[in-house]
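Enquirer: I have a structure here, written as structure tokens, and I will follow up with some questions on it.
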Amino acid sequence: MSIKSSLVCVAAAAAIAVPSASAGSAATITISHQMKGCHMWQLGNGKPTPNLTVTVKTGTALRFLNDDIMPHKLIQSSGPKLTLVRPNMNRLSAVATTTFTRSGTYRFTTKPGEDYKMFAGHKTIGDDYVLHLTVHVK
Ligand SMILES: [Cu+2]
């Protein structure tokens, strides 16, 4: 399934769950734990990747869910200035959010922290990925 079609599925599911929501749609990007490279982005139930590009409509609320075994601080590296809500995702299942009110191209990365204590000694394969996300807002 392509990234675009899975995003449409997420948006459709959100619309069904909240039928009265009219302004824009919503999508969730999970930072999921992976054996190779430790962590990747995952849009909805899409394929995990360390370099993700998505296209959303103006007004979309994007939710970041940190399901990794380490903290991630969400960092906007380029694009029109955004307000990031709770960007310091420093516990299991922490959520950060932002809403794209202006069209443009936005880029993000994360600054990972140390593994949570309960996962100390947890082994993964290869170097940890540096995550890169591009969001095109139309
Ligand atoms: Cu990780």
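The values are calculated or read from the model by the stated rules, or taken from the named source; none is laboratory data. Everything numeric in this text was worked out from a predicted model, so none of it was measured. Every residue, glycine as well, gets a Cβ built from its backbone with ideal geometry; the counts of neighbours run over all protein chains shown. To get the accessible areas, we keep the full protein, side chains included, count just its heavy atoms, and leave off ligands, DNA and RNA. Shrake-Rupley method; radii C 1.70, N 1.55, O 1.52, S 1.80 Å.
Enquirer: Quick one: count up the residues across the stretch 102-133 that are closer than 15 Å to PRO71 by Cα and in a strand (DSSP E or B).
Expert: Residues flagged as closer than 15 Å to PRO71 by Cα and in a strand (DSSP E or B) within the stretch 102-133 amount to 4.
Enquirer: Could you list, in sequence order, all residues of the stretch 66-80 that are crowded, with 17+ Cβ neighbours inside 10 Å and more than 13 Å from the ligand (Cβ to nearest atom)?
Expert: LEU74, GLN76, GLY79 - these are the residues of the stretch 66-80 that are crowded, with 17+ Cβ neighbours inside 10 Å and more than 13 Å from the ligand (Cβ to nearest atom).
Enquirer: Would you point out the residue of the stretch 127-138, among those that are away from the ligand (no atom under 16 Å from the Cβ) and hydrophobic (A, V, I, L, M, F, W, C), that is farthest from LYS73 (Cα to Cα)?
Expert: Ranking the qualifying residues of the stretch 127-138, first place goes to VAL137.
Enquirer: Now for a separate question. Filtering the stretch 26-40 down to residues that are of a type in the set (A, V, I, L, M, F, W, C) and within 11 Å of the ligand (Cβ to nearest atom), which residue is most open to solvent (accessible area, probe 1.4 Å)?
Expert: The residue in question is MET35.
Enquirer: Got a sec? Which of THR124, THR97, THR55, THR60 is over 12 Å from the mean Cα position of the chain (by Cα), open to solvent by 20 Å² or more (accessible area, probe 1.4 Å) and away from the ligand (no atom under 16 Å from the Cβ)?
Expert: It is THR55.
Enquirer: Another question, if that's okay. Against the conditions (1) within 15 Å of the ligand (Cβ to nearest atom); (2) exposed (fewer than 15 other Cβ atoms within 10 Å of the Cβ), where does THR110 fall short? Just the number, please.
Expert: (2)
Enquirer: Now for a separate question. When you go through (1) open to solvent by less than 70 Å² (accessible area, probe 1.4 Å); (2) farther than 13 Å from SER32 by Cα; (3) within 16 Å of the ligand (Cβ to nearest atom) one by one for ASN90, which number turns out not to apply?
Expert: Condition (1) is where ASN90 drops out.
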